[in-house]
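Readers should treat all values here as calculations from the given coordinates under stated rules, not as data from a laboratory. Predicted model, so just to flag it, every value in this text is computed and none were measured. For neighbour counting, all protein chains shown are included, and Cβ atoms are generated from backbone atoms with ideal geometry for every residue, glycine included.
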Amino acid sequence: MENRTVAIIATIAAVLLCGCPGLFICVIGAVSVAGIMPYTTDVGGYSSSGTVPTSWGFAMLCVALIFILIPILVGFFTLRKKPDSNLVVPPSEPLPPTM
């Protein structure tokens, strides 16, 4: 396989494994910050209900931004055009005489 093919596969894998979950976590975090994320629990005959704290929503938004940033960085660093290392640039000034 060629390096370009590996870069495309890595970018697609990063989008599927980090980007999509990041978007879902972002939506859940935004709903939690808005205060409309209810929960209901029933354990051993004791039931409780309420809303998810907004601090959890802010934490989810921060984690989501990191997850969304990962595929962007992977795509940038793997798909960018790298300078040719074999290219020799002649000097613009003449070389000084040798002794």
Listed candidates (1) 220; (2) 165; (3) 92 - label of the one calculated as volume of the Cα convex hull per residue in Å³: (1)
Exposure proxy ranking, count of Cβ atoms within 10 Å, fewest first, for MET37, MET60, MET99: MET99, MET37, MET60
Likely footprinting exposure, ILE68, ILE36, fewest C-beta neighbours within 10 Å first: ILE36, ILE68
Label-point gap, in nm, between SER48 and LEU79 - each point 7 angstrom along Cα→Cβ: 4.6
Virtual spin-label span in nm between VAL31 and GLU2, 7 Å along Cα→Cβ: 4.4
Magnitude of the charge dipole, the chain, Cβ model with Lys/Arg +1 and Asp/Glu -1, debye to 20: 120
Chain lengthening between GLU93 and LEU16 when straightened (0.36 nm per residue, less Cα-Cα): 22.6 nm
